[in-house]
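Single-structure report; data block below.
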Amino acid sequence: MGKCTAIVLAAGKGRRMNTEVQKQFLEIKGHPVIYYSLKCFQESPLVDEIILVTGKESISYCQKEIIDKYSLSKVKKVTAGGKERYDSVYEGLLACTDTQYVMIHDGARPFVTQEILERGMEGVLKHKACVIGMPSKDTVKLAGEDGCILDTPDRRSVWTIQTPQIFEYSLIKKAYDIMRLADMSSVTDDAMVVERAVSHKVALVQGSYQNIKITTPEDLLIAEVFLKNSL
Ligand code: CTP
Ligand code: MG
């Protein structure tokens, strides 16, 4: 197996969380949110290197208070992100050095596990592109501009998407290079870039219902409960 780099994203502003400290640096159970996923990648035998993408103003904080403090030796670079998530991902892709696979992960998802990384690696070896997700527990509706329901997809075919999203490096880099010349404003995950730019099939791989993204204040309460039960 070739070299695998994890790109961990922590350059968002956390507008929906709306706390003074950005959500990825808030502490749960005594450690910053971002620490938990970095630890998972650090401990994974599948991962060779980690690139941490954060705000320009947070680079030295991350280096001192997270990477040095927790001895995260696989973090080879801390690089500045961009305005949108897809800008930050692109900075992460540019920071990779001759890697064959990338695992792109939201630093705001502390509950990624070794089992998820193993299933994801299996998926990328087979399909070159895969994303972690779970079948939707809720019925999903497509809304029209008038605020009324347009359509209801069959729930059995609806998945909610998590991270990591795992790709052969050359495939995702090419897809981003193509998409960056077009309008990216509706892009919310990396699979979309591959679906649209290179029309390569992206496999769905089971994550877990615990692999939540810390997005709004109640997610912090849920995260505390998950951590209480796992320790
Ligand atoms: N992210 C990033 N660079 C950006 C935007 C987001 O690195 N310009 C990262 C976030 O730090 C987070 C992940 O992408 O780990 C998922 O994004 P999201 O949950 O939307 O975080 P924020 O953009 O920070 O939050 P919000 O959308 O509420 O402002
Ligand atoms: Mg966002």
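Taking the Cβ-Cβ separation of T152 and E20 as r and a Förster radius of 41 Å, what is the calculated FRET efficiency to the nearest 0.05?
Calculated value: 0.55.
Are any of the pairs K69/K213; K23/K201; K13/K174 more than 30 Å apart by Cα-Cα distance, and if so, which?
K23/K201
Within the stretch 29-99, list the trypsin sites (Lys or Arg not before Pro) lying in a DSSP loop whose Cβ has at most 14 other Cβ atoms in a 10 Å radius.
Answer by residue number: K29, K69, K83.
Counting only GluC sites (Glu not before Pro) that are in a DSSP loop and have at most 11 other C-beta atoms within 10 Å, tell me the longest site-free stretch of the chain.
With GluC sites (Glu not before Pro) excluded where exposed in loops, the chain gives 21-144 as its longest stretch.
Treat every Asp and Glu Cβ in the stretch 1-119 as -1 and every Lys and Arg Cβ as +1, leave all other atoms uncharged, and give the resulting dipole magnitude about the Cα centre to the nearest 20 debye.
280
Which shape class applies to the stretch 144-190: rounded if a/c is under 1.5, otherwise prolate when a/b exceeds b/c and oblate if not, where a ≥ b ≥ c are the square roots of the Cα gyration tensor eigenvalues?
oblate
Whenever you get a sec, compute what percent of the accessible area on the stretch 22-142 sits on carbon and sulfur atoms (1.4 Å probe).
In the stretch 22-142, the share of accessible area belonging to carbon and sulfur is 49 percent.
Per DSSP H run of at least 4 residues, take -39500 (n - 2.57); add these up for the chain, divide by its residues and hand me the 222 nm value, nearest 500 deg cm²/dmol.
-9000 deg cm²/dmol
Under a 1.4 Å probe, what is the accessible area of the stretch 92-231 per residue, stated in Å²?
That works out to 54 Å² per residue.
Once you keep just the Cα pairs under 8 angstrom separated by 6 or more residues, what percentage relative contact order results for the chain?
So the answer I get is 23 percent.
Residue by residue through the stretch 39-47, which ³J(HN,Hα) values in whole Hz follow from phi under the Karplus form 6.51 cos²θ - 1.76 cosθ + 1.60 (θ = phi - 60°), with glycine and proline marked x?
The phi angles translate into 4, 4, 5, 4, 7, 7, x, 7, 9 Hz.
If you rank F41, F226 by how much accessible surface each has, with a 1.4 Å probe, what is the order from largest down?
Order by accessible area, largest first: F226, F41.
First measure r as the distance between the Cβ atoms of Q114 and S185, then evaluate 1/(1 + (r/R0)^6) with R0 = 30 Å and state the FRET efficiency to the nearest 0.05.
FRET efficiency, Q114 to S185: 0.25.
Where the only charges are on Cβ atoms (+1 Lys, Arg; -1 Asp, Glu), what is the dipole of the stretch 140-202 about its Cα centre, to the nearest 20 debye?
For the stretch 140-202, the charge dipole is close to 240 debye.
Per-residue accessible area for V21 at 1.4 Å probe radius, Å² rounded to 10?
Accessible area, nearest 10 Å²: 70 Å².
Give the long-range amide H neighbours of F111: residues separated by 5 or more places, or on another chain, with amide H under 5 Å away, using H modelled in the peptide plane at 1.01 Å from N.
Amide H neighbours of F111, under 5 Å, 5+ apart: I212.
Per residue of the stretch 139-156, what does 6.51 cos²θ - 1.76 cosθ + 1.60 with θ = phi - 60° give for ³J(HN,Hα)? Whole Hz please, x for Gly and Pro, Karplus curve as stated.
6, 10, 10, 8, 9, x, 5, 7, x, 9, 6, 8, 6, 10, x, 4, 4, 5
Which listed residue (H31, V78, I66) has the Cα farthest towards the positive end of the charge dipole for the stretch 22-107, taking +1 on Lys and Arg C-beta and -1 on Asp and Glu C-beta about the Cα centre?
H31
At 7 Å along Cα-to-Cβ for each site, give me the label-to-label distance between E224 and K201 in nm.
It works out to 4.6 nm between the two label points.
For the chain, modelled as a Gaussian network with Cα springs under 10 Å, which listed residue fluctuates most, K173, K213, K141?
K141
Label-point separation (nm) for E122 and K77, each offset 7 Å from Cα along Cα-to-Cβ?
It is 3.2 nm.
The values are calculated or read from the model by the stated rules, or taken from the named source; none is laboratory data. Bear in mind the structure is a predicted one, so any value in this text is a computation, not a measurement. Neighbour counts run over all protein chains shown; Cβ positions are idealised from the backbone, glycine included. The accessibility values were calculated without ligands, DNA or RNA, using every heavy atom of the protein model including side chains. Shrake-Rupley method; radii C 1.70, N 1.55, O 1.52, S 1.80 Å.
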